[in-house]
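Structure, as structure tokens:
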Amino acid sequence: MTRETKTHSALRNKIARECACFNLRKAARAATSLFDEALKPCGLYATQFTVLTAIADSEPATITLLSQALIMDRTTLTRNLNPLQKKGWVEIRPGEDKRTRVLTLTDSGRKILDEAVGNWERAQDNVVRTLGKKNWAELRENLSVVVEKLNPY
């Protein structure tokens, strides 16, 4: 192994151990996988559940405000909204300003969200039980700090 290869290998190992983005995304994928499986019987992915919940929490919501609340760029949010709109769970209509689009849940959107909450609760309880209440509380607090300090909005 050459010196350059050893240096690159050491750097890759350091990134895997210490990189904030690498480790936060890895943890997010693990959690997403667990919640995707829990929400599958409702026909939802974790990302869709999050978007539906955020809309319900701030109705009527604009795309801009929702993208800021979710810390998601508008293009990604729009891409995530498309299947929800096609399934009839979200209504997107023009706002007072022609550049603004307003989001609301439809009756079927509220119904699917209500159905999914029980599945979410079981998955959430599993996470808390697996991590332990104290660890979960500390992690949640630390994640709040990450969002507060790194939020581009």
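The values are calculated or read from the model by the stated rules, or taken from the named source; none is laboratory data. Fair warning: this is a prediction, and the values are worked out from it, not measured in the lab. No Cβ is skipped: glycine too gets one built from the backbone with ideal geometry, and neighbour counts run over all protein chains shown.
Please indicate, with yes or no, whether at least one residue in the range 90-109 is touching a helix residue (DSSP H, G or I) at 6+ places or on another chain (Cβ under 9 Å), within 25 Å of Leu34 (Cα to Cα), of a type in the set (Val, Ile, Thr) and not in a helix (DSSP H, G or I).
For the range 90-109, residues touching a helix residue (DSSP H, G or I) at 6+ places or on another chain (Cβ under 9 Å), within 25 Å of Leu34 (Cα to Cα), of a type in the set (Val, Ile, Thr) and not in a helix (DSSP H, G or I): present.
Somewhere in the range 138-152, is a residue over 16 Å from Ala31 (Cβ atoms), in contact (Cβ under 8 Å) with a residue 24 or more places away in the chain and not in a helix (DSSP H, G or I)?
Taking every residue of the range 138-152 in turn, at least one turns out to be over 16 Å from Ala31 (Cβ atoms), in contact (Cβ under 8 Å) with a residue 24 or more places away in the chain and not in a helix (DSSP H, G or I).
Is at least one residue of the range 23-43 over 15 Å from the mean Cα position of the chain (by Cα), closer than 27 Å to Asn151 by Cα and surrounded by 12 or more Cβ atoms within 10 Å (Cβ to Cβ)?
yes
Working only within the range 66-114, note down all residues that are free of Cβ contacts under 8 Å to residues at least 40 places away in the same chain and among the hydrophobic types (A, V, I, L, M, F, W, C).
Those that are free of Cβ contacts under 8 Å to residues at least 40 places away in the same chain and among the hydrophobic types (A, V, I, L, M, F, W, C): Leu66, Ala69, Leu70, Met72, Leu77, Leu81, Leu84, Trp89, Val90, Ile92.
In the list Leu84, Leu44, which residue meets the criterion of being outside any helix (DSSP H, G or I), modelled with pLDDT of 95 or more and within 18 Å of Thr32 (Cβ to Cβ)?
It is Leu44.
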